[in-house]
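Single-structure report; data block below.
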Amino acid sequence: MFEIDKKSNLLELPEYRYQLKEVDAPVMFREFYPYEEIPKIAFNNVHVPINMPSDIWITDTTFRDGQQSRAPYTTEQIVKIYKMLNRLGGPKGIIRQTEFFLYSEQDRRAALECMELGYEFPEITSWIRASKKDFQLVKDMGIKETGILVSCSDYHIFHKLHMKRSEAIEHYLGVVKECIEAGVKPRCHFEDITRADIFHFVIPFARELMKLMEETGVPVKIRACDTMGYGVCYPGSMIPRSVHGIIYNLHKDAGVPHELLEWHGHNDFYRAVANSTVAWLYGASSVNCSLFGIGERTGNTPLEAMVIEYAQLKGTLDGMDPTVITELAEYYERELGEVIPPRTPFVGKNFNVTRAGIHADGLLKNEEIYNIFDTDKLLNRPARVAISNTSGLAGIAHWINSNPSLYDLNELDKNDPLCLYLKQWVDEEYENGRVTLITDEELEQLIEEYMSKKQ
């Protein structure tokens, strides 16, 4: 019954456990997804080991998934953003790849202009329809890798493709072979993997892809797509919702090498960042992201978040330049009209702004008390305070001391007459019924009037 596993050297169940299982009706996993109720999270207390690859990286889908939920970028905008991604990823290419649509002439022109820059990173890959004509287009443009949609849940196989499981695998393998014959490396997007039959469809299909890779010598990448954001990263949670379970089984039981295993998450249940981090921890070398999480529905894993996650896991930025994150956020708001919610971590206008007087007092005494890290150095975003009825003298002093336009007034004590003057004005505003924040422009005008009176 048991056999020695050649990788672990332990007695384990043989491979027949993971054979394709044909079914007459789609398996909808109604115990997890009743649809008319909130999805369920179930546990079986099966734990798998952390197995983070020595080399991990980020891939980008800003120009593909990111364009499915907003107005299309112009060629000029794409080139500008691509240049900043290159600077952000640094010389080691931690942002390893970015993917482009090639459907239209404008899409192709943007990809070509970025390719002409000659950057090693991010490598330009594509997303195309699964046809010989499009494969040839990718090859003619000199793009080495393309994404191919291979939906793997019965939701898609039965209700969208109107196929049996075996028919779907046969169809997908044919498409992947056509891609390889065209001289292009395939990246197989396992769509809707968190509602798929992992042991009786996903693993058998992935094994077939690994066999094809052995036969042709062409690497076949697998992108595990949490299309609906159902994935969870709780220890002991059950497949198919278990992110660590999916990644572990793709690596161990399907034999997918770390470097060919990628996670693509969505944020429908607020888990995109945590799930992507867990995918790294349990064996995927790459996680797929978009800038500011812009993507279909609730969006993708925010790329800037994974830059910070990388540094936390590896203990180093490895040459990445996180100040570019701030440049990108400013560019999106200024040039593209994108509204970034002000409390968004790392990029929102208020992510390191405090309004509470007691917190402002702490910032004034030692910035480390209430700032997550040196945001001025790492993101070019000094910690700030916003003035309201709760800011107090400390808040006003810190607002002055951290305002770039008031550097000549730096190091003011909270008991300085200027702070007392501004505090009195603020208190009167709220006593008279004001319910809005005090603006920087109002305070700067008051300071100008105060200084002119002193002279």
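If you average the C-alpha positions of the stretch 435-449 and of the stretch 252-289 separately, how far apart do those two centres end up, in angstrom?
Between the Cα centre of the stretch 435-449 and that of the stretch 252-289, the gap is 47 Å.
Would you rank TRP425, TRP127, TRP399 by solvent-accessible area, highest first, keeping every protein chain in place and using a 1.4 Å probe?
Reading off the accessible areas and sorting them downward yields TRP425, TRP127, TRP399.
Give me the 1.4 Å probe accessible area per residue for the chain, excluding ligands and nucleic acids, in Å².
So the chain comes to 46 Å² accessible per residue, rounded to a whole number.
Which value in nm describes the separation of the simple spin-label points at LEU437 and LYS80, placed 7 Å from the Cα toward the beta carbon?
2.5 nm
Give the accessible area for TYR172 in Å² (nearest 10); use a 1.4 Å probe, count only protein heavy atoms, and leave out ligands, DNA and RNA.
Accessible area, nearest 10 Å²: 10 Å².
Can you grab the distance from the C-alpha centre of the stretch 182-207 to the C-alpha centre of the stretch 1-65, Å, no decimals?
The distance from the Cα centre of the stretch 182-207 to that of the stretch 1-65 comes to 11 Å.
For the stretch 1-83, run through the chymotrypsin sites (Phe, Trp or Tyr not before Pro) and keep only the ones in DSSP coil with at most 12 other Cβ atoms within 10 Å of their Cβ.
Filter output for the stretch 1-83: PHE2, TYR35.
Where does the stretch 66-144 land on Rg/Rh, using Cα atoms and the Kirkwood Rh?
The Rg/Rh ratio comes out at 0.96.
Roughly what would the spin-label model give for GLU214 and SER166, points 7 Å off Cα along C-beta, in nm?
2.2 nm
Give me the lysines in straight-line cross-link reach of LYS454: C-alpha distance below 22 Å, same-chain residues under 8 apart excluded.
LYS414, LYS423
From the square roots a ≥ b ≥ c of the eigenvalues of the alpha-carbon gyration tensor of the stretch 1-63, which class results: rounded (a/c under 1.5), prolate (a/b over b/c), or oblate?
oblate
Per DSSP helix of 4 or more residues, -39500 (n - 2.57); summed, then divided by the residues of the chain. What does that give at 222 nm, rounded to the nearest 500?
-11500 deg cm²/dmol
I need the per residue convex hull volume for the stretch 302-410, using only the alpha carbons, in cubic angstrom as a whole number.
Per-residue hull volume (Cα only) is 119 Å³.
In a solvent-free Debye calculation with one equal scatterer on each Cα, what is log10 I(q)/I(0) for the stretch 1-123 at q = 0.11 Å⁻¹, listed in the order of the q values?
-0.76
So if a site counts as exposed when it's one of the GluC sites (Glu not before Pro), its DSSP state isn't H, G, I, E or B, and it has at most 12 other Cβ atoms within 10 Å, what's the longest stretch of the chain without one?
121-410
Once the convex hull of the C-alpha atoms of the chain is built, how many Å³ does it hold per residue, rounded to a whole number?
So the per-residue hull volume is 181 Å³.
So which of LYS6/LYS40; LYS92/LYS211; LYS365/LYS453; LYS40/LYS164; LYS7/LYS92; LYS133/LYS221 end up more than 25 Å apart by C-alpha?
LYS6/LYS40; LYS92/LYS211; LYS365/LYS453; LYS40/LYS164; LYS7/LYS92
Which percent of the accessible area of the chain is formed by carbon and sulfur heavy atoms (probe 1.4 angstrom)?
52 percent
Ranked from the most accessible area to the least, with a 1.4 Å probe and all protein chains present, what is the order of ARG207, ARG165, ARG30?
Listed by decreasing accessible area, they come as ARG30, ARG207, ARG165.
The values are calculated or read from the model by the stated rules, or taken from the named source; none is laboratory data. For clarity, every value in this text was computed on a predicted model and none was experimentally measured. Note that each Cβ is placed from the backbone with ideal geometry, even for glycine, and that neighbours are counted across all protein chains shown. When the accessible area is computed, the model is the full protein with side chains, heavy atoms only, and any ligands, DNA or RNA have been set aside. Shrake-Rupley method; radii C 1.70, N 1.55, O 1.52, S 1.80 Å.
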